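The values are calculated or read from the model by the stated rules, or taken from the named source; none is laboratory data. What you see is a predicted model, and the numbers here were worked out from it, not measured in a lab. Ligands, DNA and RNA are excluded from the accessible area calculation, which covers all protein heavy atoms including side chains. Shrake-Rupley method; radii C 1.70, N 1.55, O 1.52, S 1.80 Å.
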Amino acid sequence: MALFNWDSRLKTNISICDEQHQRLIELINNLHETSRSKADKEVLDKTLNELINYTIYPFQTEEELLDKYNFPYAARHKIEHAQFTNKIFDLRTRFEKGDTGITMETLTFLKDWVNDHIIGTDKNYSAFLRSKGVL
């Protein structure tokens, strides 16, 4: 059972962003499933790395679009991305130090952050970018 499901509330109506958000949610669900299945450290490590490495893409895409079109709240948006990145790298560091348990608390943080960020923050740029012709 998925931890997090894509639904219409999460749509920004910017196609590349929506595609990347869907993939991010898929990777969070993969981490959840891997964690639940009590996979060995190597499998969990691979799944966690895939999630960490992927977060670069949606953040980079959004930030490039926000800069290109001079979105007035781009700096604030980038700060939120940096906070998430710091949290996920902290998770990575803990994992490397032997804390191999991916807790429900961590998974809930990932799910809630992505959900809140898309609905609360990303929706703010949606209308702005669409008014600039970005679809």
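One table, with the values for the structure above:
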quantity	calculated
Rg over Rh, two decimals, the chain (C-alpha only, Kirkwood Rh)	1.00
Region 84-135: C-alpha pair distances exceeding 15 Å, %	60
Carbon plus sulfur fraction of accessible area for the chain, probe 1.4 Å, in percent	49
Listed pairs K46/K97; K41/K87; K11/K111; K68/K123; K11/K46; K46/K68 exceeding 22 Å between Cα atoms	K11/K46; K46/K68
Whole-number accessible area per residue in Å² for the chain, which is evaluated in the context of all protein chains at 1.4 Å	55
Interatomic Cα distance distribution for region 29-103, bins of 10 angstrom, percent	18, 41, 24, 14, 2
